[in-house]
1. Test of understanding: among Glu21, Glu103, Glu44, which residue is surrounded by fewer than 21 Cβ atoms within 10 Å (Cβ to Cβ) and over 21 Å from Thr124 (Cβ atoms)?
2. Consider Glu60 carefully, then state whether it is more than 15 Å from Tyr108 (Cα to Cα) and exposed (fewer than 15 other Cβ atoms within 10 Å of the Cβ).
3. Filter the helices (runs of 4 or more DSSP H) completely within the stretch 34-125 down to those with at least 1 residues that are touching a strand residue (DSSP E or B) at 6+ places or on another chain (Cβ under 8 Å) and over 22 Å from Arg17 (Cα atoms).
4. Scan the stretch 61-75 and report the pairs whose first residue is modelled with pLDDT of 95 or more and whose second residue is of a type in the set (S, T, N, Q), with Cβ atoms within less than 6 Å and a gap of 6+ or a chain change.
5. Which one of these does Glu44 not meet: (1) more than 14 Å from the chain's Cα centre (by Cα); (2) at positive phi?
6. Looking at (1) in contact with a strand residue (DSSP E or B) (Cβ under 9 Å, 6 or more places away or on another chain); (2) closer than 17 Å to Asn109 by Cβ; (3) charged (D, E, K, R), which one does Asp5 not meet, given that it meets all the others?
Amino acid sequence: MESTDLSPRIKYVSWGRLEVEGKADPYKDAKLFPGGSRDWNWRETGTGHNPGIQVTDVGELLDHGATVVVLSRGMAECLHVPRETLDFLKERQIATHVLPTKEAVALYNKLAETEPVGGLFHTTC
């Protein structure tokens, strides 16, 4: 794996703030994937606490080469993950982990050492 294909590490997470290596400004919500990261704008795909993380959101991670996906549900686990999204990942044989944000960050960083991992991180509720 080339260094550009590595998933960026998360340096720090707190309420409303996610600091990612290689990125000067922190994110509130972010998509991380092999080779980079970007702001996770929920309005792009219709994501909200309910109905939750959309297939389009996770599809983008796979488009960037993620073979493992970590989905954070927020600090208080208010963000839902609908069955449709989980089924989409299962059909593609993508290992998927759904966790509260701080646990999701820890697992994501561990996986990023050896796997092309993608993650969706919600840093508030």
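The values are calculated or read from the model by the stated rules, or taken from the named source; none is laboratory data. Given the structure is predicted, the values throughout are model-derived calculations rather than measurements. In this analysis, Cβ positions are derived from the backbone assuming ideal geometry, glycine residues included, and neighbour counts consider all displayed protein chains.
1. Glu21
2. Spelling it out, it is not the case that Glu60 is more than 15 Å from Tyr108 (Cα to Cα) and exposed (fewer than 15 other Cβ atoms within 10 Å of the Cβ).
3. 55-63, 83-91
4. From residues that are modelled with pLDDT of 95 or more, the pairs are Val69/Thr96; Ser72/Thr101; Gly74/Thr101; Met75/Thr101.
5. Condition not satisfied by Glu44: (2).
6. For Asp5, the failing item is (1).
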